[in-house]
Amino acid sequence: MESKVIVITSGKGGVGKTTTTANIGTALAMMGKKVVLLDTDIGLRNLDVVMGLENRIVFDIVDVVNNNCKLQQALTKDKRYEGLYLLPAAQTKEKTAVSPHQMKNLINELKKEFEFILVDCPAGIEQGFRNAIAGADEAVVVATPEISSVRDADRIIGLLEASGFREPKLIINRLRSKMAKRGDMMDIDDILDILSIELLGVVPEDEYIVVSTNRGEPAVTDTVSKAGAAYRRVARRITGQDVEIYTGEETSSLVNRFMKMVKLAR
Amino acid sequence: MALLDILNRIFAKETVNSKDVAKERLRLVLVHDRASVSSDFINALKEDLIKVIREYLEIDEEQLSVNLENEDNSVALIANIPVRGFKKVVNE
Ligand SMILES: Nc1ncnc2c1ncn2[C@@H]1O[C@H](COP(=O)(O)OP(=O)(O)OP(=O)(O)O)[C@@H](O)[C@H]1O
Ligand SMILES: [Mg+2]
């Protein structure tokens with residue numbers, strides 16, 4: 001089995017790496033793929049709560065690399081989707097509790113079992129970042145349409161390229177198309193102009209992301225959420241399907257409105 | 001917001017979009033970031049500069065400095081290259 005190991009990174013904190021990892025991973029599992037989400041944000045574990053799996057965790061990534069448990073024991077099964085697993089970060093350890101070498105070995109083990117290994121990278125460019133990219137062969141950079149985020153994305157792209165990643169791909173998150181339209185937020189083209197890397201997807205600013213995080217149910221499982229729809233497209237593109245990139249345009253088709261009504265009536 | 005700002009916003013049709021300001025600032029800051037990501041970049045540039053200039057001038061390589069600097073609205077390559085003398089090549 002040929003597996004894909006994709007690290008989701010950004011440089012700047014809080015731009016949506018964990019949200020992106022959870023949603024792409026869940027969307028891939030919805031397509032019947034065998035997926036593991038690897039939280040490498042040691043000390044600041046979050047992917048478990050975003051996935052709604054916090055109560056099921058017994059062992060974590062540090063336990064695995066220290067041989068305190070078997071890999072299988074630390075793989076937490078998702079509550080909805082067959083074939084979706086989480087390997088949680090340790091909450092009480094330091095970022096240095098795992099080395100890049102150990103990470104590589106761990107990922108090699110996971111490759112035997114999973115088609116997709118998504119690595120949620122911590123913010124920053126220090127050891128946590130080094131660990132997260134160690135075993136990955138593809139990189140996705142998440143950026144929001146703000147100066148500081150795009151600047152950090154540029155830095156990360158440089159570091160990724162220096163580490164041998166040929167073509168990191170970009171996800172623009174939290175785009176507000178109305179603001180972009182009136183010229184108060186950088187648009188897709190502005191950002192691509194500056195970063196000149198391939199665009200993998202665009203995710204709109206969406207209140208539902210907060211709701212979904214509250215519930216521990218990634219937005220892709222919701223039929224109305226725009227961010228969810230955008231992430232489902234990203235997942236399909238990752239599997240090689242030729243789907244158009246969401247561009248932030250309001251889609252107020254009849255179907256969409258109907259779905260909203262149904263949702264409200266529920 | 002000062003009254004003047006508000007009036008400016010209402011009447012000044014030619015006000016630049018804030019995203020264009022952002023883009024321009026980013027472009028400038030990235031020229032600098034990208035160059036300083038590795039001091040290797042500056043060092044390589046320095047060596048090549050020395051190679052070329054040596055053909056024409058006798059320079060003090062020890063005192064030579066090359067830097068990228070942010071000015072108001074642009075990024076400048078500032079080089080300070082003490083010249084000791086001219087090479088004969090010039091007169092040929
Ligand atoms: N498209 C979106 N619309 C609205 N809110 C969003 C969107 N994407 C992310 N958020 C919110 O932004 C916050 C940060 O997201 P997230 O935790 O995924 O970022 P991160 O990059 O993993 O952060 P860190 O660097 O701390 O790990 C969260 O509160 C999340 O709900
Ligand atoms: Mg995170």
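The values are calculated or read from the model by the stated rules, or taken from the named source; none is laboratory data. None of the values given here were measured: they were computed from a predicted structure. Virtual Cβ from ideal backbone geometry, glycine too; neighbours counted across all protein chains shown.
Exactly one residue among A:THR9, A:THR21, A:THR40, A:THR26 is away from every other protein chain (no Cβ under 14 Å), farther than 18 Å from A:GLY201 by Cα, in contact with a strand residue (DSSP E or B) (Cβ under 9 Å, 6 or more places away or on another chain) and within 14 Å of ligand 1 (Cβ to nearest atom), and that residue is A:THR40.
Please find, among A:GLY124, A:GLY164, A:GLY158, the residue that is more than 14 Å from chain B (Cβ to nearest Cβ) and without any contact (Cβ under 8 Å) to a residue 12 or more places away in the chain.
None of the other options fit; the residue is A:GLY164.
The requirement of being within 16 Å of ligand 2 (Cβ to nearest atom) and loosely packed, with under 14 Cβ neighbours inside 10 Å is satisfied by A:GLU126.
Residues in segment A:115-140 that are away from ligand 1 (no atom under 11 Å from the Cβ), closer than 28 Å to A:THR239 by Cβ and not in a helix (DSSP H, G or I): A:GLU115, A:PHE116, A:ILE117, A:LEU118, A:VAL119, A:GLY135, A:ALA136, A:ASP137, A:GLU138, A:ALA139, A:VAL140. Checked against the criterion of being at pLDDT 95 or above, within 22 Å of A:ILE42 (Cβ to Cβ) and either assigned to a helix (DSSP H, G or I) or small (Gly, Ala, Ser) (or both), segment A:212-221 has at least one qualifying residue.
Among the residues of segment B:45-70, the ones that are among the charged types (D, E, K, R) and in a strand (DSSP E or B) come to 2 in all.
Note on segment A:153-186: among residues that are in a strand (DSSP E or B) and among the aliphatic types (A, V, I, L, M), the one that is surrounded by the fewest Cβ atoms within 10 Å (Cβ to Cβ) is A:LEU170.
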